[in-house]
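Below is one structure; the comments refer to it alone.
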Amino acid sequence: MDAKVTVKGYAKINLGLDVVGKLENGYHLLRSVMQQIDLYDTIELTEEETMDHGLQITLTSDCDTVPLDQSNLAYKAAKLLMEHDGIKEGVHIHIIKRIPVAAGLAGGSTDAAAVFMGMNELFGLGHSKDELRELGVKLGADVPFCIMGGTALAEGIGEKLTPIGTMPEMYIVIAKPSIGVSTKYVYENLRLEQVTHPDTEQILDAMRRKDLAEMTGLLGNVLESVTIEKYPLIRELKEVMLDVGAAGSLMSGSGPTVFGVFDTMEKAVAAEKRMRQKYPQVFIQAAGIIC
Ligand code: ATP
């Protein structure tokens with residue numbers, strides 16, 4: 001039987017997302033407090049015989065909205081690692097998709113991270129997580145964090161990661177409306193001189209003291225200034241999230257997903273139910289956090 005490895009790729013939310021500058025090559029410099037949540041894609045990797053030892057990667061998914069060609073980040077991750085390590089065997093990737101696509105939840109990045117970690121195991125490559133992170137940033141700013149996991153401050157273009165050891169107990173409800181937000185459009189229309197920057201140091205300090213009330217009062221994402229302007233539904237979802245009991249609410253990444261933060265799972269589940277009743281067309285899901 002062919003060797004097979006199964007890996008979970010968790011979604012992330014940004015509890016703080018600040019853009020502090022721009023490089024000449026167009027990359028933005030970030031300061032972002034990233035948190036993995038218990039909502040995940042499952043990536044199955046199977047080793048396959050190759051006839052001619054050429055690059056052989058095949059891809060399937062249970063989801064019909066992810067691309068199944070070379071533009072898929074999971075495919076790109078497999079190709080990068082195969083070329084880097086000179087792997088002669090082939091690999092089949094099957095993605096069981098649970099993270100909404102193009103949501104600001106790093107769905108593609110986490111699939112790429114899962115492929116890296118799964119192939120590392122499947123082919124016995126022996127890379128450390130630090131080595132995989134260094135390679136991963138070539139695929140996208142969120143990939144290094146998805147490899148590290150848990151809670152972290154991400155800086156630079158996403159490659160400088162500082163793990164955050166202590167977190168208040170908290171639960172999340174996400175709401176992903178069916179709006180297509182282009183990350184490129186959001187960054188291109190960001191006016192840094194006009195935005196209110198979140199106080200990242202204070203967010204981190206509140207997290208270290210496990211002060212959920214203070215932390216939720218400090219949540220901030222500079223990209224909201226662009227996305228909410230274009231899609232007022234995001235502001236509405238944030239307000240309703242507070243109405244159904246969230247201690248704080250924010251847009252994740254470049255959107256359109258909105259999340260609410262709750263201090264108990266019971267409150268999160270009750271809010272999930274009320275949100276589903278009010279917005280039957282919106283993907284609503286309660287989740288714990290991954291520490
Ligand atoms: P981020 O938060 O890192 O900006 P995102 O959650 O906003 O990411 P993705 O779910 O990664 O967005 O999807 C962005 C685009 O990437 C989609 O338009 C999709 O076609 C493409 N894509 C490529 N590979 C994948 C993948 N494995 N899963 C989901 N989308 C993918």
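The values are calculated or read from the model by the stated rules, or taken from the named source; none is laboratory data. Owing to the predicted nature of the structure, the values given are computational and were not obtained by experimental measurement. Positions of Cβ are generated from backbone atoms using ideal geometry, with glycine treated the same way; all protein chains shown enter the neighbour counts. Only protein heavy atoms, including side chains, enter the accessible area calculation; ligands, DNA and RNA are left aside. Shrake-Rupley method; radii C 1.70, N 1.55, O 1.52, S 1.80 Å.
Dividing the mean sequence gap of close Cα pairs (under 8 Å, 6+ apart) by how many residues segment 171-288 holds gives a relative contact order of 40 percent. With both labels modelled 7 Å from their Cα along Cα-to-Cβ, the Asp62 to Ile96 distance reads 0.5 nm. Normalising by residue count, the chain has a Cα convex hull of 130 Å³ per residue. Students often forget the sequence filter, so: which lysines lie under 16 Å Cα-Cα from Lys88 once same-chain residues fewer than 8 apart are removed? Answer for Lys88, where 16 Å is the Cα cut-off: Lys79, listed by chain and number.
The equivalent ellipsoid of segment 146-291 has semi-axes of 23, 22, 14 Å, largest first, where each one is the square root of 5 times an eigenvalue of the Cα gyration tensor. Helix 233-243 and the longest principal axis of the C-alpha atoms of the chain enclose an angle of approximately 60°. Computed from label points 7 Å out along Cα-Cβ, the spacing between Lys79 and Lys210 is 4.7 nm. Note that segment 4-163 presents 42 Å² accessible area per residue, ligands and nucleic acids not counted, probe 1.4 Å. Multiplying the residue separation of Lys138 and Glu121 by 0.36 nm and subtracting their alpha-carbon distance yields 4.1 nm.
So which of Lys138/Lys238; Lys184/Lys238; Lys184/Lys210; Lys4/Lys184 end up more than 29 Å apart, counting from Cα to Cα? Before the final figure, lay out each step's value.
Details: Lys138/Lys238 33 Å; Lys184/Lys238 23 Å; Lys184/Lys210 35 Å; Lys4/Lys184 36 Å.
Where the Cα-Cα span goes over 29 Å, the pairs concerned are Lys138/Lys238; Lys184/Lys210; Lys4/Lys184.
Scanning residues 5 or more positions from Glu48 or on other chains, those with amide H under 5 Å from its amide H are Gly90, Val91, His92, with H placed 1.01 Å from N in the peptide plane. The alpha-carbon of Lys97 sits under 13 angstrom from the alpha-carbons of these aspartates and glutamates, leaving out residues fewer than 8 places away in its chain: Asp41, Glu44, Asp62, Asp64, Asp111. Relative contact order of the chain: what whole-number percent is it, with Cα pairs under 8 angstrom and at least 6 residues apart? Taking the mean separation of contacting Cα pairs over the length of the chain, I get 22 percent. Applying 1/(1 + (r/R0)^6) with R0 = 41 Å to the Cβ-Cβ distance of Leu192 and Asp130 gives a FRET efficiency near 0.85. As an exercise, use a Förster radius of 30 Å and the Cβ-Cβ distance of Ser225 and Lys160 to find the FRET efficiency, rounded to the nearest 0.05. Computed FRET efficiency for Ser225 and Lys160: 0.80. What FRET efficiency comes out for Lys22 versus Ser71 if R0 is 30 angstrom and r is the Cβ-Cβ distance? Round to the nearest 0.05. That gives a FRET efficiency of 0.75.
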